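K.L.:
So that we are looking at the same thing, I have put the structure below in structure tokens.
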Amino acid sequence: MATLKELAARGDKFTGGHRACAGCGATIAARQALLAAGKHKVVAGCATGCLEVVSTIFPYTAWNVPFIHSAFENAAATVSGVEAAYQSLKRQGRITENIKFIAFGGDGGTYDIGIQSLSGAMERGHDMLYICYNNQAYMNTGIQRSSATPRGCNTTTSPAGRKIPGKAQFRKDLTEIMAAHNIPYVAQCVIGNWSDFTRKVEKALDKGGAAFINILQPCRLGWGYKPELTAELGRLAVETCFWPLYEVEDGVYKLNATPKDKKPITDWLFQQERFRHLKQPANGAIVDEIQREVDQRWERLVRKCDG
Amino acid sequence: MSLKKYQDLALGGNIERGGTAVDFKTGDWRSLKPVYKPENCIHCLFCWAYCPDSAVHVADGKMAGFDLDHCKGCGICAHECPGKKGAKAIVMEPEVK
């Protein structure tokens, strides 16, 4: 695993001057991923979403690698097509160098709109890594709920008020869906643990074959917190077991972090404006429900990792 | 910054090289600025690793100041800074006092 000094020596492939909010987590994910991939030649692609919109405002681009964007729902299909073309050109001897392929998509472009193209690309076994920067709602278009949005969360399409206390459903577990594709490598990461994330990106690329990483990315605007807390809130999601760090390598589950003292979920929820309404005593039952769900999912995962 | 005229653009509107966003300065978004205190710095590079705007300079594996043309003043660097004996190597100060 590369140290920060080694990563720094590789040089940034995702530059400043993009127009993301101050304290944006998605751009941290893109930067760290490309640094981790820095020892390879890389082609990147992106689904429509915050990351694509802020980094490619014409006539500027923050990507210092070959970059392709086509639409919201087909980042995985697009990059898998580029990878297939590369394999063909390589067979013909028209390309000799080794190239790695990384697709980025937000939770909207991955959990909802892009899931069929992602599932197809992973099933076909393209030599590519898909990174979902998961900020748990459609942040780019004004914070609408997605299937990654957690229960009780206030969004503009699940507004907390007198009628409903935020989103009614629990979030979908996409990492598990991808693990069920039986691909070589699936992992869950978080903004706020650079060593875990860069190690997993390197591992996924070195391993070869289809790989998927789901990185929880605190969003300053959509989650409602002070911008300096982006990394802190990510780590807190791990410490409360809301977002466990684990990897599934060739079907074998491995837990990468076990919190010494599992913190109550309220430690994480109540730092965010999007859950503010849950502080009201009338919504206490929802908080209990969320805690129960976190506990159940955590225990299920621990059982899988224990084999 | 003046906008380009159509004659100045590449054919088809292509962007002909990567990483051109560095030509766009986002430093004027800032209301708080990071101030570096080298005496408290242990060169862990956490500030560099977590900067969303690639606005921390690193030279020879050591923290080497800020790129204030692009820093948006989010303060992640100061928050993540472990400092030395509890004293931070990065503190956020208002741009205008």
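K.L.:
Out of A:Glu52, A:Glu73, A:Glu83, report the one residue that is of a type in the set (D, E, K, R), open to solvent by 50 Å² or more (accessible area, probe 1.4 Å) and either within 30 Å of A:Ile143 (Cβ to Cβ) or modelled with pLDDT of 95 or more (or both).
P.N.:
From the options A:Glu52, A:Glu73, A:Glu83, the qualifying one is A:Glu73.
K.L.:
On the given criteria, is A:Ile68 open to solvent by 40 Å² or more (accessible area, probe 1.4 Å) and either closer than 23 Å to B:Lys25 by Cβ or within 14 Å of another protein chain (Cβ to nearest Cβ) (or both)?
P.N.:
yes
K.L.:
Evaluate segment A:243-257: report whether one residue or more is in contact with an Asp or Glu (Cβ under 6 Å, 6 or more places away or on another chain) and open to solvent by less than 20 Å² (accessible area, probe 1.4 Å).
P.N.:
The answer is yes; a qualifying residue exists.
K.L.:
Could you figure out which of (1) under 16 Å from A:Arg199 (Cβ atoms); (2) open to solvent by 10 Å² or more (accessible area, probe 1.4 Å); (3) not acidic (Asp, Glu) isn't true of A:Asn214?
P.N.:
The failed condition is (2).
K.L.:
Out of (1) more than 26 Å from A:Leu35 (Cα to Cα); (2) surrounded by fewer than 24 Cβ atoms within 10 Å (Cβ to Cβ), what's the single condition that is false for A:Ile99?
P.N.:
(1)
K.L.:
Working carefully through the options A:Asn134, A:Asn182, A:Asn154, find the one that is out of contact with any Pro (no Cβ under 7 Å at 6 or more places or on another chain), at positive phi and at pLDDT 95 or above.
P.N.:
Exactly one of A:Asn134, A:Asn182, A:Asn154 is out of contact with any Pro (no Cβ under 7 Å at 6 or more places or on another chain), at positive phi and at pLDDT 95 or above, namely A:Asn182.
K.L.:
Say we look at segment A:222-237 and pick out the residues that are within 12 Å of another protein chain (Cβ to nearest Cβ), open to solvent by 10 Å² or more (accessible area, probe 1.4 Å) and assigned to a helix (DSSP H, G or I); which of these is farthest from B:Pro82 (Cα to Cα)?
P.N.:
So, considering only residues that are within 12 Å of another protein chain (Cβ to nearest Cβ), open to solvent by 10 Å² or more (accessible area, probe 1.4 Å) and assigned to a helix (DSSP H, G or I), the one farthest from B:Pro82 (Cα to Cα) is A:Pro227.
K.L.:
A further question follows. Go through (1) within 14 Å of chain B (Cβ to nearest Cβ); (2) closer than 22 Å to A:Tyr138 by Cα; (3) open to solvent by 10 Å² or more (accessible area, probe 1.4 Å) for A:Ile177 and report which single condition fails.
P.N.:
Answer for A:Ile177: the failing condition is (1).
K.L.:
I want to confirm something. Restricting to segment B:79-88 and keeping residues that are under 26 Å from A:His18 (Cα atoms) and in contact (Cβ under 8 Å) with a residue 24 or more places away in the chain, which single residue is nearest to the other protein chains (Cβ to nearest Cβ)? Steps first, please.
P.N.:
Restricting attention to segment B:79-88, the residues satisfying the condition of being under 26 Å from A:His18 (Cα atoms) are B:79-81.
The next check asks that each one be in contact (Cβ under 8 Å) with a residue 24 or more places away in the chain; those that pass are B:80-81.
Numbers: B:Glu80: 6, B:Cys81: 10 Å.
Among residues in segment B:79-88 that are under 26 Å from A:His18 (Cα atoms) and in contact (Cβ under 8 Å) with a residue 24 or more places away in the chain, the one nearest to the other protein chains (Cβ to nearest Cβ) is B:Glu80.
K.L.:
Report, by residue number, each residue of segment A:16-54 that is farther than 19 Å from A:Thr3 by Cβ, facing chain B (nearest Cβ under 7 Å) and in contact with a strand residue (DSSP E or B) (Cβ under 8 Å, 6 or more places away or on another chain).
P.N.:
A:Thr27
K.L.:
Determine which member of the set B:Asp8, B:Asp53, B:Asp23, B:Asp67 is acidic (Asp, Glu), within 22 Å of A:Gln32 (Cβ to Cβ) and surrounded by fewer than 21 Cβ atoms within 10 Å (Cβ to Cβ).
P.N.:
After ruling out the rest, the residue left standing is B:Asp67.
K.L.:
Return yes or no: is B:Ile76 buried (at least 16 other Cβ atoms within 10 Å of the Cβ), more than 10 Å from chain A (Cβ to nearest Cβ) and of a type in the set (A, V, I, L, M)?
P.N.:
The answer is no for B:Ile76.
K.L.:
Please specify each residue of segment A:257-307 satisfying the condition of being part of a helix (DSSP H, G or I), among the hydrophobic types (A, V, I, L, M, F, W, C) and either in contact with a Phe, Trp or Tyr (Cβ under 7 Å, 6 or more places away or on another chain) or farther than 20 Å from A:Cys189 by Cα (or both).
P.N.:
Across segment A:257-307, the qualifying residues are A:Trp268, A:Leu269, A:Phe275, A:Leu278, A:Ala282, A:Ala285, A:Ile286, A:Val287, A:Ile290, A:Val294, A:Leu301, A:Cys305.
K.L.:
Can you tell me which residues in segment A:211-233 are of a type outside the set (S, T, N, Q) and in contact with a Phe, Trp or Tyr (Cβ under 8 Å, 6 or more places away or on another chain)?
P.N.:
Within segment A:211-233, the subset of a type outside the set (S, T, N, Q) is A:211-213, A:215-216, A:218-229, A:231-233.
Hits for segment A:211-233 are A:Ala211, A:Phe212, A:Ile213, A:Ile215, A:Leu216, A:Pro218, A:Ala231, A:Leu233.
The values are calculated or read from the model by the stated rules, or taken from the named source; none is laboratory data. A quick note: this is a predicted structure, and the numbers were derived from the prediction, not measured. Every residue, glycine among them, receives a Cβ derived from its backbone with ideal geometry; neighbour counts consider all protein chains shown. Accessible surface is based on the protein model in full, side chains and every heavy atom, while ligands, DNA and RNA are left aside. Shrake-Rupley method; radii C 1.70, N 1.55, O 1.52, S 1.80 Å.
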